[in-house]
Amino acid sequence: MIRAAIFLALLGCTDKSTSEPIEDSVPPVVTVETGTVTDTGDTDTGAIDTGETDSLSAVALYPDDLVVHPGATFSLRALGTWTDGSVAALSPDFASSDEAVATVDADGLVTAVGPGSAELTATADSQSGSVSVTVSDAGLMQVSVISATNGAALASVKVKVGAGALYQTGKDGTVSIPVSSAGPLEVTAYGGDVMPATIWGTVSRDVVLPVHTKDEFWADNARIEGDVDFSGVDGGGVGDISLGLVVPSFRYGPLMVEPDDLVAEDRTLTIFGQDVALPANLALDNIAPTYVAGSPAGSGAVWALAGAVPIGDVTDTLSAEGNSTENALALLEDNIDALAWTWRSAGGLSSGETSTVDLQPSISFTGSVSVETGPLPGGFAGTEKPLVLVGESLPGAGVVVTGIALGAESVAVPTVPEGSVSGSDGAVAMAMAQVSGLGSGGAISSAWGPVVDGAAVLPLFQNMPSVSSFDAESHAFEMWTDPRSTYVRLLLQSRDGTARLVYLDGGQAAGVLADPGFPMGYAVVIWRILSLETTTDTFEGMVRRGALRSQVLAPQSWTSSQANVTISVQ
């Protein structure tokens, strides 16, 4: 009994509900999980490296191959690559090959002038990059609807532009819709088993919209299970307890991870004759040596920590004030020298199926990586401790964690020796900060960067998203995300079970959400906001290419923020 309680506290098993209790009120109450978030106005680029000590080797410019109406405006994004491999935002000189077609100002703002095509160029330190833009006065928007899962064209899907007339895709998944405005428009697709999806505020007149079915979006996880062999770790002495924690690789990279992802759902076990609830990915030597962990389908891997921890340290954690998950992670950090580590590939995982992987932790934490993070961003109290992880990136399988610590700004992360993960693309460092502390359920800001010569400098954390207002009757809203983000996914979930997706650019957004095509209860809605700062392209470029998929974009991004906003209207 006492051991069961101790192990529960060790892993910070708390209420995993994703939102605050909803109270009816007038006017609408907008909260971001553990606290209201305010816009600090910080627009720092937060680049991984300025490249000041190396020479610029290449310039990349985005978006490319955009089709717009005369009068449309959009911004170019220039990124430089230096000889040391670092990438950062640039402020280059811009030029247009034909100003009768499109002009570009010193800040990269493009204005479409008249029909035709033009090359837009960015130049810095004798390096340049260019993209093309087509200006069309045909008065049409071409919308292609594809499956977000396999990219297949989808026929007979209903499409609306703004609050305009209803159209339907043909056999090739496309439809041409008359439009007269050069300004930003909203494009919504829905019908059948497709979850309604809206591209918000695009000036592109050639749009590719990926859609999910509800079953695809909330697909059942695959499972990894097996035995943990404790023979490779020191069993400790009297007063110690031996445990093993098994966690799947971060399949979609380090930016879509939450602290609760380190803890699996509880399972009921009989220990010392009594039924107790323990996390399924926790193994106990001689008591419950097996584990079960959920993982997204596809290639996967698992990593494990195991060792003997003094019961006194655990009981101190039980009685300590503050956040239980944060205290539990601190306990692991304090005892890292007594823990051993291992990893194994889980192979190809199919949705709804189980893969068996047995583990024997035996590798000690004898290495160290120096990680520099930025300060906590706007929306934080300033007392929270970020979780700092070092890992190895495996092609197709995500990131396998090889080191763990708590802290901000200058953090020495204990790691296993370099080369412990075979087939790695390289070491990465990541930091995850959560409003009100790790495991609180609060909004999350994350950043990552490569480890070079035993050190990593991470970009600045994104500021937390906020929703200023929402009118449940008219669907008018105002929201803000960090202007550095180039992709924002908004998932609206109503208490009546309906849901819809909205894709936006970073920064300020305001307007009226178009009718998603079926009755949706807006009286009680949770807005789940994910914003990513991609390492290439812009929102308009992703709209043009149909790349609006967070699972694909997250591994190709520098920073992210996640928040849940609960809105209740009587």
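Bear in mind these aren't lab numbers, they're just calculated from the coordinates by the rules spelled out. As the structure is a prediction and not an experimental result, all values here were calculated from the model. Cβ coordinates were reconstructed from backbone atoms using ideal geometry, including for glycine residues, and neighbour counts include every protein chain displayed.
The table that follows gives values for the structure above.
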{"read-out": "Lys pairs under 29 Å by Cα in the chain, provided they are eight or more residues apart or on distinct chains", "value": "7"}
{"read-out": "Helix 324-334 axis, angle to the chain major axis (alpha carbon atoms, nearest 10°)", "value": "60 degrees"}
{"read-out": "Cα centroid separation, the stretch 503-554 to the stretch 361-425 (Å)", "value": "30 Å"}
{"read-out": "Cβ charges +1 (Lys, Arg) and -1 (Asp, Glu), total dipole of the chain, debye", "value": "1540 debye"}
{"read-out": "Net lengthening on full extension, Gln508/Glu216 (0.36 nm per residue, minus Cα-Cα)", "value": "102.1 nm"}
{"read-out": "Extension reserve of the Ala100-Ser75 stretch, reckoned as 0.36 nm per residue once the Cα distance is removed", "value": "7.2 nm"}
{"read-out": "Glu353-Ala523 pseudo-label distance in nm [points 7 Å out on the Cα-to-Cβ vector]", "value": "4.5 nm"}
{"read-out": "Phi-based couplings in Hz for the stretch 182-195 (Karplus 6.51, -1.76, 1.60; Gly and Pro marked x)", "value": "8, x, x, 10, 9, 10, 10, 10, 6, x, x, 9, 7, 5"}
{"read-out": "Lys/Arg +1, Asp/Glu -1 at C-beta; the stretch 188-301 dipole; positive extreme among Tyr190, Val238, Pro289", "value": "Tyr190"}
{"read-out": "Among beta bridges that DSSP assigns inside the stretch 56-135, antiparallel share in %, nearest 5", "value": "90 percent"}
{"read-out": "Residues His212, His475, His69 arranged by fewest to most Cβ contacts within 10 Å", "value": "His475, His212, His69"}
{"read-out": "Between the stretch 176-192 and the stretch 75-124, the Cα center-to-center distance that results, in Å", "value": "27 Å"}
{"read-out": "Residue-averaged [θ]222 nm for the chain, counting only DSSP H segments that reach four residues, each worth -39500 (n - 2.57)", "value": "-2000 deg cm²/dmol"}
{"read-out": "Average Cα contact separation per residue, the chain, under 8 Å, 6 or more apart, as relative contact order %", "value": "17 percent"}
{"read-out": "Calculated FRET efficiency for the pair Ser180/Ser117, C-beta based, R₀ 25 Å, to 0.05", "value": "0.70"}
{"read-out": "Sequence-separation-based contact order of the stretch 354-432, relative, with Cα cut under 8 Å and 6+ spacing, percent", "value": "38 percent"}
{"read-out": "With at most 12 other Cβ atoms within 10 Å, longest stretch of the chain clear of loop chymotrypsin sites (Phe, Trp or Tyr not before Pro) (DSSP)", "value": "273-570"}
{"read-out": "Cα→Cβ-extended label distance, 7 Å offset, between Asn150 and Ser231, nm", "value": "4.5 nm"}
{"read-out": "Fully extended contour minus Cα-Cα distance, from Ile311 to Ser368, at 0.36 nm per residue", "value": "17.8 nm"}
{"read-out": "Pairwise FRET efficiency - Asp65 versus Ala89, Cβ, R0 = 22 Å, nearest 0.05", "value": "0.55"}
{"read-out": "Two-site label geometry, Glu409 and Ser132: point separation in nm, points 7 Å out along Cα→Cβ", "value": "5.1 nm"}
{"read-out": "Relative contact order of the stretch 56-135, pairs being alpha-carbon contacts under 8 Å that are 6 or more residues apart, as %", "value": "37 percent"}
{"read-out": "Nearest-0.05 FRET efficiency for Asp334 and Asp471, computed from C-beta distance (R0 56 Å)", "value": "0.65"}
